[in-house]
Amino acid sequence: MGQIKHYNNGKWTIYTSGEDLSGYTGTTNTYYIGVNNTDGDYSKVNPDGELINLEKEFQYEIGQYVEDEGGVIFHRFIEGNVQKYLVVDIQDLGNYIWSNIDSDSCNAISLWRGELNTEFMVEQLGANSGAAFECIASTNGGVSNWYLPSIQELNKLWNNMFEVSKGIEIAGGNQLNLIFYWSSTETSSTNARTYNFFTGISSSGNKNEDNKVRAVRKFSI
């Protein structure tokens, strides 16, 4: 174990490598936080000295263009020991309908799981799922596994537009237009959520209307 830091009551205490921590008697909601030399994990140590992963440093930044992943990072999070990233394509796919079958629900109702929504759309509507079908068929950036973002994923994207716009410019892509984009979040048998990239406001649009489509994908390390 490398350097270990203990945080309690707003103060850090530094412990050196190899120091015996078994005698620590702090409260259960305090942690030792340090660096595991084997893989760079930030870790916590229980009072008995047992090492448990807490979180990892992020390798990539919001707004960073990652060429091998085909886009610009707009969200990141830790799940277990895994860093997970959401990236947005650096160009629009075009203008498409959500579906030309506007009287059938396909259960794409998740507010945050765009990948799952897209699977439902394509599975039940096939090529009739215009926006979703174009996303999964895309090989932009030399990668696949693109999908139509959920409404909350679009909200994450909009909230980080300052960083994302810089990344898209660096990558030589096309900026998001300040107009409506389709999400994969269905609201009824005839309507689905759109996101206005000028106002940052979500609304409901008829599925057979044309709106902009910008694909996203995720990767883990």
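Which entries of 166/207; 84/207; 156/212 have Cα-Cα distances beyond 22 Å here? Write out the running numbers ahead of the final one.
On the way: 166/207 32 Å; 84/207 31 Å; 156/212 17 Å.
With Cα atoms farther than 22 Å apart: 166/207; 84/207.
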Worksheet item: When you count, for each residue, the other Cβ atoms within 10 Å and take the mean per peptide, how do 67-77, 166-176, 183-193 rank with the highest first?
Response: 183-193, 67-77, 166-176
Worksheet item: Hey, rough spin-label estimate for residue 82 and residue 145, points 7 angstrom out along Cα→Cβ, what's it come to in nanometres?
Response: 0.9 nm
Discussion item. I want to check the label-to-label distance for residue 61 and residue 210. Put each point 7 Å from Cα in the C-beta direction and report it in nm to one decimal.
Written reply: 3.9 nm
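Just flag the chymotrypsin sites (Phe, Trp or Tyr not before Pro) in the stretch 164-218 sitting in loop per DSSP whose Cβ has no more than 15 other Cβ atoms within 10 Å. Intermediate results must be reported in sequence, preceding the final value.
Details: sites: 180, 181, 182, 195, 197, 198; in loops: 197, 198.
Loop-located and lightly packed - 198.
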Fill in: Projected label distance in nm at residue 95 and residue 177, using a 7 Å step from Cα toward the beta-carbon
0.6 nm
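Any read-out appearing in this document is the output of simple, stated calculations on the displayed coordinates, not a laboratory observation. Just so it is clear, the model here is predicted, and its values are computed rather than measured. Neighbour counts are summed over all protein chains in view; Cβ atoms, including those assigned to glycine, are modelled from backbone coordinates with ideal geometry.
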